[in-house]
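Chemist: Provided herewith is a single structure, encoded as structure tokens, for subsequent inquiry.
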Amino acid sequence: MILVTGGAGYIGSHTCLELLQQRYSVVVLDNFCNSKPTSLHRVENLVGGKMTVVRGDVRNRALLRKLFTAYQIDAVVHFAGLKAVGESVQQPLIYYDNNVVGSVTLTEVMAEYGVKTLVFSSSATVYGDPASVPIREDFPVGTTNPYGSSKLMVERIYRDLAVADPTWRIALLRYFNPVGAHQSGMIGEDPNGIPNNLMPFIAQVASGRREHLNIWGNDYSTPDGTGVRDYIHVTDLALGHLAALQALQDKDGVLTVNLGTGQGHSVLEMVSAFEAASGKKIPYRIAPRRPGDIGACYADPALAAQLLGWRAELGIDAMCRDAWRWQSMNPEGYFETERVQELSFA
Ligand code: NAD
Ligand code: WQD
């Protein structure tokens with residue numbers, strides 16, 4: 001059985017779907033601070049399977065112990081955490097507590113129960129402003145905000161753990177820019193309030209919920225001056241987690257891999273691709289650069305292919321098509337009425 005922390009969230013829900021589809025048993029632990037149980041309900045409906053869903057916090061040691069006692073857990077996929085870069089600057093302690101203390105508590109309890117296989121959500125943000133692209137895993141790391149620092153700290157803690165006890169099997173997955181939605185349009189990204197990220201913002205402009213997109217700068221040294229990123233379809237990303245679980249089956253130690261496509265796309269390219277996918281015009285204005293942004297960031301995905309036997313398959317047309325399907329079918333995101341049965345361990 002796989003424990004998925006943060007399984008109700010954007011990437012977690014897509015990963016749960018793929019896990020169920022490949023006949024894994026899944027128990028989700030989520031406190032729903034940034035998600036709704038509806039996503040899990042929809043995953044179950046789509047797959048025609050069941051998960052165990054536990055409402056609770058990954059920092060709650062007593063709850064974790066109950067979970068590991070009640071279920072025969074073989075491995076953990078650890079998504080639970082906070083991810084808003086700007087908010088992390090305003091409220092750093094909340095980020096360090098959730099992301100770092102949560103990750104430490106989880107592995108302490110895993111060790112108590114002899115469960116030592118772990119897949120962790122890291123981020124390309126650990127590379128800071130890279131000296132060149134594409135980015136390889138051995139590039140220098142350095143962060144510019146508490147969110148990024150929390151991810152880098154956890155990476156370091158987990159590497160130290162694997163040195164102290166080499167029987168740990170840990171995959172540190174550095175995601176680039178996850179976008180899109182499941183092709184059914186039933187699950188997707190449901191940000192609170194005004195989206196910070198490009199793709200959900202564009203989708204809301206296309207649907208008429210927002211008037212125009214602000215493009216943060218067109219004076220970067222990129223082909224058209226707008227920021228270039230490695231957008232990766234969330235289904236490809238989810239499959240990367242299954243590949244990592246497989247790879248850890250016969251390998252002790254730590255795997256650190258980029259999950260990206262290796263292709264960089266500019267903001268203007270994404271706007272055009274979304275217009276083509278949706279048949280809608282995306283009005284935009286060029287605005288000043290966003291503080292903390294970098295020009296270009298995309299992965300060298302070779303190591304993931306080598307170590308995980310995984311590569312991204314879907315391009316920006318599929319990403320935009322699926323993001324648009326999700327947006328049109330769920331203009332207000334998830335609603336609260338659909339519920340899964342939750343277990344209470346309190
Ligand atoms: P998300 O917010 O949609 O999902 C995170 C889930 O964790 C939510 O369901 C939330 O309710 C839950 N959660 C948060 N704190 C918790 C806690 N203390 N205890 C239990 N549950 C908790 O975010 P996502 O986009 O799915 O991201 C998943 C992970 O991937 C995060 O760790 C994030 O930092 C990382 N990541 C995300 C991106 C991205 O752009 N989306 C990029 C790189 C890395
Ligand atoms: C993409 C491009 C913007 C919004 C962030 C986090 C990173 C990771 C993924 C978790 C950039 C431009 C955006 C808008 C715009 N998360 N843009 N107008 O900044 O690459 O990464 O999410 O680990 O840590 O920093 O993603 O989607 O915000 O921006 O012009 O309204 O779109 O300037 O070039 P980013 P993004």
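Chemist: Count the DSSP beta bridges whose two residues both fall in the stretch 210-321, then state the antiparallel fraction as a percent rounded to the nearest 5.
Modeler: 25
Chemist: Same structure, new question: Short version: what are the Cα gyration tensor semi-axes of the stretch 1-112, square root of 5 times each eigenvalue, largest first, in whole Å? Before the final figure, lay out the partial values.
Modeler: On the way: eigenvalues 108, 65, 21 Å².
Square roots of five times the eigenvalues give 23, 18, 10 Å.
Chemist: For the stretch 24-174, just run the numbers: alpha carbon Rg, then divide by 2.2 N^0.38 Å, N being how many residues it has.
Modeler: 1.11
Chemist: What is the fewest-to-most order of C320, C297, C16 by other Cβ atoms lying within 10 Å of their Cβ? Provide the component values of the computation, followed by the final result.
Modeler: Working: C320 27, C297 23, C16 32.
By the 10 Å Cβ count, ascending, the order reads C297, C320, C16.
Chemist: Quote the FRET efficiency, to the nearest 0.05, computed for R61 versus Q341 with a Förster distance R0 of 22 Å and r equal to the Cβ-Cβ distance.
Modeler: Efficiency computed from Cβ-Cβ geometry: 0.35.
Chemist: How far apart, in nanometres, would the label points at A276 and D165 be if each is projected 7 angstrom from Cα along the Cα-to-Cβ direction?
Modeler: Between A276 and D165, the simple spin-label model gives 5.1 nm.
Chemist: For S132, S39, what ranking results if the residue with the fewest other Cβ atoms within 10 Å of its Cβ goes first?
Modeler: The fewest-first ordering by Cβ neighbours comes to S132, S39.
Chemist: For E211 and R289, what is the calculated FRET efficiency with R₀ set at 22 Å and r taken between the beta-carbons, to the nearest 0.05?
Modeler: Rounded to the nearest 0.05, the efficiency is 0.55.
Chemist: Another question about this same structure. Nearest 10 degrees, 0 to 90: what angle lies between the long axis of helix 10-21 and the longest principal axis of the chain (Cα atoms)?
Modeler: Roughly 60 degrees between the two axes.
Chemist: Tell me, in nm to one decimal, what length is gained between K50 and D252 on full extension, where the rule is 0.36 nm per residue of separation less the Cα-Cα distance?
Modeler: Here the answer is 69.6 nm.
Chemist: Based on other C-beta atoms within 10 Å, arrange S123, S149 from fewest to most.
Modeler: Ordered from fewest to most neighbouring Cβ atoms within 10 Å, S123, S149 come out as S149, S123.
Chemist: With unit charges on the beta carbon (Lys/Arg positive, Asp/Glu negative), name the residue among Q183, L29, V254 whose Cα is farthest towards the positive pole of the charge dipole of the chain.
Modeler: L29
Chemist: Compare the peptides 109-115, 181-187 by average per-residue count of other Cβ atoms within 10 angstrom and give them in order, highest first.
Modeler: The peptides rank, most packed first, as 181-187, 109-115.
Chemist: Let me ask another. What distance in nm separates the simple spin-label points at Q306 and E269, each placed 7 Å from Cα in the Cβ direction?
Modeler: Going from the Q306 label point to the E269 one covers 2.5 nm.
Chemist: Assign one of three labels to the stretch 84-125, namely rounded, prolate or oblate, based on the Cα gyration tensor with a ≥ b ≥ c the square roots of its eigenvalues; rounded applies when a/c is under 1.5, prolate when it is not and a/b is larger than b/c, and oblate otherwise.
Modeler: Oblate shape, in that a/c is at least 1.5 and b/c is the bigger or equal ratio.
Chemist: Can you tell me what share of the DSSP beta bridges in the chain is antiparallel? A percent to the nearest 5 is fine.
Modeler: Of the beta bridges lying entirely in the chain, close to 5 percent run antiparallel.
Chemist: Would you work out the relative contact order for the chain, in percent, from Cα pairs under 8 angstrom that are 6 or more residues apart?
Modeler: About 22 percent, as a whole number.
Chemist: Can I ask one more? With Rg and the Kirkwood Rh both taken from Cα atoms, where does Rg over Rh land for the chain?
Modeler: Dividing the radius of gyration by the Kirkwood radius yields 0.95.
Chemist: Please give the peptides 19-29, 285-295 ranked by average Cβ packing (other Cβ atoms within 10 Å per residue), highest first, as a rough proxy for protection.
Modeler: Sorting 19-29, 285-295 by mean packing, highest first, produces 19-29, 285-295.
Chemist: Continuing with the same structure: Starting from the Cα of N197, step 7 Å toward the Cβ, then list every residue of the stretch 57-94 with an amide N under 15 Å from that point.
Modeler: Only 79-87 fall inside the zone, counting backbone N under 15 Å.
Chemist: Which of K83/K116; K50/K281; K66/K251; K151/K281; K50/K251 have a Cα-Cα distance over 32 Å?
Modeler: K50/K281; K151/K281
Chemist: Only helical DSSP H runs with n ≥ 4 go in: add -39500 (n - 2.57) per run for the chain, normalise by residue count and round the 222 nm mean residue ellipticity to 500 deg cm²/dmol. Could the numbers behind the result be given before it?
Modeler: On the way: 12 runs with 129 residues, N = 346.
The helix contribution divided over the chain gives -11000 deg cm²/dmol.
Chemist: Using the Cα centre as the reference, give the magnitude of the dipole from point charges on the C-beta atoms of the chain (Lys, Arg: +1; Asp, Glu: -1; all else neutral), rounded to the nearest 20 debye.
Modeler: 420
Throughout, read-outs are computed from the coordinates displayed, never taken from laboratory work. Owing to the predicted nature of the structure, the values given are computational and were not obtained by experimental measurement. Here the Cβ is made from the backbone with ideal geometry for all residues, glycine too, and neighbour counts use every protein chain on show.
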